[in-house]
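One structure is given here, and the rest of the page talks about it.
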Amino acid sequence: MRIVPLSILITFFFASCMQPMRYLPSEDAEEFVIDSYRIRQGKLAIQQLQGIEVDELSYEEMCEYRDEIHEDDILNIAIWHPSRRDLVDSIHLLNERVGFRIKQGYIDIPDIDPIYVEGITLDEAKEAIQEAFLEHYRDLEVFVSYRDRLLRKVDLAGLVGVNAVPVDGKMRLFELLSKAHV
C-alpha cells in the first residue's frame, strides 16, 4: 500500500475549497478612458455610471448665494471728491464714530434722502448711494463695505461642543458640523 504525502492531501483540500476563478468582461481602453473622464465630472456622473437616476436641479438650487444687506447691518461708507474736503471729512467722521446702520431697510446719509438698501448687494448699494450723491455733487466716488453685520446663527442640540454657530450664506453643512465639535 502506498502512502500519499501529507502535503499533497493539504493541497487537494485547499484546492477543493477555492471558488472557481471568474473572469471579468474585458473592456477596451477607449471605454475605460471615457468612464474615467465621467468620474472626474463628480458625484452625479458616478451615480449615472452606477445606473442611479439623477433628477435635474431646479433653477433656484443652481443659483449662487447672493450676499445681501439686512436690517441692523452697519455699513462703512467712504467718499472722495476733488474739491469738497468738508463733505469727505464729515462722512469720514460719521463712519469712524458710528457707521451707517440700516433701519427699516433704509440708510440715512447727511445731505441726501434716505436710500432703501435692504435686500441688495454691496455693489448695488454703492451704485444707489453714488447716484444719490451725484444729484448734488459732481465727480464724487463712493466706497461701501460692511462694518458690522447682524449675527445669523444656527442653534444646535445634542452631543455638540457649542450650542450655536454663527453662519453666513456661504458656509456649507460640513463646515458647520466641524465648528460644532460633534
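Average accessible surface for the range 59-182: 69 Å² per residue, computed with a 1.4 Å probe over protein heavy atoms with every protein chain in place.
Under 5 Å between amide hydrogens, built in the peptide plane, is the criterion, and for Tyr146 it picks out Asn76 among residues at least 5 positions away or on other chains. Within the chain, what's the longest stretch lacking GluC sites (Glu not before Pro) that sit in DSSP loops with no more than 11 other Cβ atoms inside 10 Å? With GluC sites (Glu not before Pro) excluded where exposed in loops, the chain gives 65-134 as its longest stretch. Each of the chymotrypsin sites (Phe, Trp or Tyr not before Pro) that DSSP puts in a loop and that has at most 10 other Cβ atoms within 10 Å breaks the chain; the longest unbroken stretch is 66-182.
Note on the chain: with neighbouring protein chains present and a 1.4 Å probe, carbon and sulfur make up 56 percent of its accessible heavy-atom surface.
Separation of the range 129-161 and the range 47-96 by C-alpha centroid, Å? Here the two parts' Cα centres lie 7 Å apart.
Can you tell me the alpha carbon radius of gyration of the range 61-182 divided by the globular rule-of-thumb value 2.2 N^0.38 Å? Spell out each step's value before the answer.
Details: Rg = 18.2 Å, N = 122, 2.2 N^0.38 = 13.7 Å.
Here the Cα radius of gyration is 1.34 times the empirical estimate.
Summarising the amide proton neighbourhood of Val154: residues at separation of 5 or more, or on other chains, whose placed amide H is nearer than 5 Å comprise Val165, Val167. In summary, the aspartates and glutamates within cross-link reach of Lys153, defined as a Cα separation below 13 angstrom excluding same-chain residues under 8 places away, comprise Asp168.
For the range 27-115, the C-alpha radius of gyration divided by 2.2 N^0.38 Å, with N the number of residues, is 2.21.
The values are calculated or read from the model by the stated rules, or taken from the named source; none is laboratory data. Here the structure is a predicted model, which is why all the values come from computation and not from measurement. Every residue, glycine among them, receives a Cβ derived from its backbone with ideal geometry; neighbour counts consider all protein chains shown. Side chains are part of the model used for accessible areas, which takes the heavy atoms of the whole protein and leaves out ligands, DNA and RNA. Shrake-Rupley method; radii C 1.70, N 1.55, O 1.52, S 1.80 Å.
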